[in-house]
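Nothing in this text is a laboratory measurement; each read-out follows from the coordinates by a stated rule. Predicted, not measured: the structure shown is a model, and the values here were computed from it. Neighbour counts run over all protein chains shown; Cβ positions are idealised from the backbone, glycine included.
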Amino acid sequence: MKSESVSSEWSALLALQRATHATLQVLAAELVDLDLTPSEINALANLADGQGRTVSALGAAVGTRPTTLTSVLDRLERRGHITRGTRPGDRRAVLIELTASGRVAAATIREAITDLERRALHGLPADAIAGLRAALQALTEVSA
C-alpha cells in the first residue's frame, strides 16, 4: 500500500540521494588539499570525537559493512591517519584510533561539515531542522 506522504512526483529518498551527492561534491571541493576519497572523509569525520572504535562500530557509524570498510582503513593507515590495535580486554577486536595527523585531518573535515550544515540550514525554523533529524534517524533505523 502506498503511503500518502510519498508521491510519484517527490520522493524523500531520491531527495536524500541528491542532497548526499551534492554535499559530497561540496566537501570534496572544500577538502581537496587533504586528498581523501568521500569514504575516507566519512570515516575520519566519524572518528573526529577522538574515541577509538572497533571496525564493526565504525562500519555502523559510516553506514557500510566492515568488509567494505577494510580497504578504506588500509588507505588511511598507509597515510598515517589511523592505527589499528587491540581493544583492552578483547584481543580479537581491532580498535581503530586516530594518529596526530588523523586528528588534524578529522578536525578539518568536521569543521567543513559544520560550516556546510550551517550554510545549508541557515534560516530554517528549528522545528523543520528537528523534523529533518527525525526523518534521517527513522531512515537510518529502518535500514539497520
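Contact order normalised by length for the stretch 36-142, with contacts defined as Cα pairs under 8 Å and 6 or more residues apart; what percent is it?
Relative contact order for the stretch 36-142 comes out at 26 percent.
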Ellipsoid equivalent to the chain - semi-axes via the Cα gyration tensor, in Å: 30, 19, 14
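Beta carbons within 10 angstrom, averaged per residue: use that to sort the peptides 132-143, 77-88, highest first.
77-88, 132-143
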For the stretch 53-66, 3J(HN,Hα) per residue [Karplus equation, 6.51 cos²θ - 1.76 cosθ + 1.60, θ = phi - 60°, Hz, x = Gly/Pro]: 9, 6, 4, 4, 5, 5, x, 5, 5, 8, x, 9, 6, x
Nonlocal amide H pairs with Leu95, under 5 Å, H built at 1.01 Å: Gly85, Thr86, Arg87
Residue order, fewest to most beta carbons within 10 Å, for His21, His122: His122, His21
Max mean-square fluctuation residue, GNM over the chain, Cα-Cα springs under 10 Å, options Ser71, Ser11, Ser56: Ser11
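Per DSSP H run of at least 4 residues, take -39500 (n - 2.57); add these up for the chain, divide by its residues and hand me the 222 nm value, nearest 500 deg cm²/dmol.
Estimated from H runs of four or more residues: -20000 deg cm²/dmol.
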Net length gained if the chain between Ser143 and Arg75 were fully extended (0.36 nm per residue, minus Cα distance): 21.8 nm
Difference of contour (0.36 nm per residue) and Cα-Cα distance, Arg103 to Ala28: 25.2 nm
Ranked by how many other beta carbons lie within 10 Å on average, peptides 37-49, 104-116 from highest: 37-49, 104-116
Order by protection proxy (mean Cβ within 10 Å, highest first), peptides 27-34, 92-99: 92-99, 27-34
